[in-house]
Amino acid sequence: MINSVNLTSELVKCPSVTPDDAGTFKLIKELFKDTDFKITEVSKNGIKNLFLRWGSKNLPTFGFCGHIDVVNPGEISKWKMNPFSGKIINNEIFGRGSVDMKSAVAAFCLAALNVSKETSPIFSIVLLITSDEEGKAKDGTNAILEWMNKNNERMDYCIVGEPTCPKKLGDMIKIGRKGSLTGHFTIIGKQGHSAYPQLAINPINSSVNLIYLLTNKPLDNGSKFFEPSTLVTTSIFTKNRANNVIPQQVKVTVNIRFNDNHTGEKISAWLKKCAEKIENKTKTIIKTDIKISGEPFYSKPGYLAKLVKKSVQKYTGISSEFSTSGGTSDARFVITKCPVVEFGLVGQKMHAIDESVQVSQIVDLENIYTDILKNYFNDVNRKTKG
């Protein structure tokens, strides 16, 4: 009989680099075959997603959200073993996606399946599983939520199974995330000989001026629920290979993680204003391309957060910290549908070479997810009878 550890291993064996599900959905469909779960494949622009529901959509509904796609393993020769081996050695599962986040998908699938067999359907369970989280994240969870809204599919609470814990399983529950924005600047000057700089317009100098303007002071000092926003220069690039030529063009990229003092629109306007200022100062032309990956969100720690914290403490003995730290996740989309928190494994090895997870963490995570569902069932039952 399959359990969450074996299922994790089998999922890791599928080389599901974004956006290829690489057989993972077949495994999940097989797991829920001949059960009371209704399985719907939601596809958009070639991206496959799964939606599963147990119970009526008119009933109180608890959801789990996760992704089976993984980042590229990189140079395979640097791994101790095949990154898609899924091998279990000394009570650890090795492979890309073992931490982020096939273990959590396996854990909530088994938790949902087992609880559905043990309880009466006075509430409903839904599972949202995407293959487009590590990539553009446009046609994954978003597409499932669009489909849910069109089909009046209910979801009252949701856990996203991202790795949330810094050091020990249970030490952190995420209740929000910063927004994310990337700014691409193409700075066009005038090419010339390095011995006659007065005859050229050096876009490299302009790029330095722009970076200084963007980074010479903090964006803010933080807010009530968030750490200070950050702006990081992530690349400066020119095709110039000669040491005696001033290039015509330089490209600069910055990434901003912003708190609720800002919106993507306001940050975008500020970036464009800064670029215009440097244009006028340096006589260059600056083309600006801005991509907003997500806005900041905060889910006030109410019923859902307390429900999760109670089960986490039961199995780990740790009183979890509520946090809004870290990068973006699909929780930024789920918050538009219902209250959401993120809870999953220790994230130290996610996206790393020789990514691996302890078997005991997967077992504990399944137990925690199971306990959450049972407690939710009991709460619904009390309300129904009361």
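Things to note:
- Under the combined filter of DSSP loop state and at most 13 neighbouring Cβ atoms within 10 Å, the range 266-366 retains these trypsin sites (Lys or Arg not before Pro): Lys283.
- Over the chain, accessible surface divided per residue gives 47 Å², non-protein components excluded, 1.4 Å probe.
- Between Asn82, Asn114, Asn243, the residue with the greatest mean-square fluctuation in the GNM of the chain (Cα pairs under 10 Å linked by springs) is Asn243.
- Sequentially through the range 153-168, phi angles give Karplus couplings (6.51, -1.76, 1.60; θ = phi - 60°) of 7, 8, 8, 8, 9, 8, 10, 9, x, 4, x, 10, 9, x, 10, 10 Hz, Gly and Pro residues having no value and appearing as x.
- Accessible surface of the chain [probe 1.4 Å, protein heavy atoms]: carbon and sulfur percent: 49
- DSSP beta bridges confined to the chain are antiparallel in about 75 percent of cases.
- The GNM of the chain, with springs linking C-alpha atoms under 10 angstrom apart, assigns the highest mean-square fluctuation among Phe84, Phe237, Phe297 to Phe237.
- Simple rule: put +1 on each Lys or Arg Cβ and -1 on each Asp or Glu Cβ in the range 1-138, find the dipole, and look at Leu7, Cys109, Gly46; the Cα lying farthest toward the positive end is Gly46.
- Centre-to-centre, using Cα atoms only, the range 43-74 and the range 142-188 are separated by 13 Å.
- Using the alpha carbons alone, the radius of gyration of the range 295-386 stands to its Kirkwood radius in an Rg to Rh ratio of 1.00.
- Figure legend: label point modelled 7 angstrom from the Cα of Lys283 along Cα→Cβ; residues of the range 164-200 with amide N under 15 Å from it are 188-193, 196-200.
- Cα lying deepest toward the dipole's positive end in the chain, options Ile236, Ala275, Ile290, charges on Cβ: Ala275
- Rounded FRET efficiency, nearest 0.05, which uses the C-beta distance separating Tyr212 from Asn244 and R0 of 30 Å: 0.70
- Highest-fluctuation residue, Ser319, Ser329, Ser120 considered, GNM on the chain with Cα pairs under 10 Å: Ser120
- Given Lys168/Lys310; Lys78/Lys174; Lys168/Lys300; Lys138/Lys239, the pairs whose alpha carbons are separated by over 26 Å: Lys78/Lys174; Lys138/Lys239
- Long-range amide H partners of Val17 with built H, under 5 Å: Val70
- Tilt relative to the chain, helix 303-316 - C-alpha long axis, 0 to 90 degrees, to 10: 80
- Student exercise, the range 280-386 dipole from Lys, Arg, Asp, Glu Cβ charges, in Debye to nearest 20: 600
- Amide H contacts of Ser124: Thr61, Phe62, each under 5 Å away and 5 or more positions distant or on a separate chain (H built 1.01 Å from N in the peptide plane; Pro and chain starts excluded).
- The three principal axes of the C-alpha atoms in the range 155-258 carry coordinate ranges of 65, 30, 27 Å, sorted with the longest axis first.
- Rg and Dmax [Cα atoms of the range 228-319; Å; Rg one decimal, Dmax integer]: 21.6, 67
- Nearest-ten-degree value, helix 264-282 long axis tilted from longest Cα axis of the chain: 10
- Amide proton proximity set for Arg177, modelled H, under 5 Å, gap of 5+: Phe297
- Compactness of the chain, expressed as Rg and Dmax over alpha-carbon positions, Å: 23.8, 86
- Using θ = phi - 60° in the Karplus curve 6.51 cos²θ - 1.76 cosθ + 1.60, the 3J(HN,Hα) couplings for the range 110-115 round to 5, 4, 5, 5, 5, 5 Hz; x is entered for Gly and Pro.
- Extended-chain gain in nm, criterion 0.36 nm per residue less alpha-carbon gap, Ile2 and Asp36: 10.5 nm
- Rg/Rh, computed from the Cα trace of the range 1-148 with Rh as the Kirkwood radius, has the value 0.99.
- Sum of -39500 (n - 2.57) over DSSP H runs of 4+, divided by residues of the chain (222 nm, nearest 500): -10000 deg cm²/dmol
- Between the range 218-257 and the range 260-315, the alpha-carbon center distance in angstrom: 15
The values are calculated or read from the model by the stated rules, or taken from the named source; none is laboratory data. Please read these numbers as outputs of a predicted model, since none were measured by experiment. As a convention, Cβ positions derive from the backbone with ideal geometry for all residues, glycine included, and neighbour counts pool all protein chains shown. Areas reflect the complete protein model, heavy atoms only, side chains present, ligands, DNA and RNA absent. Shrake-Rupley method; radii C 1.70, N 1.55, O 1.52, S 1.80 Å.
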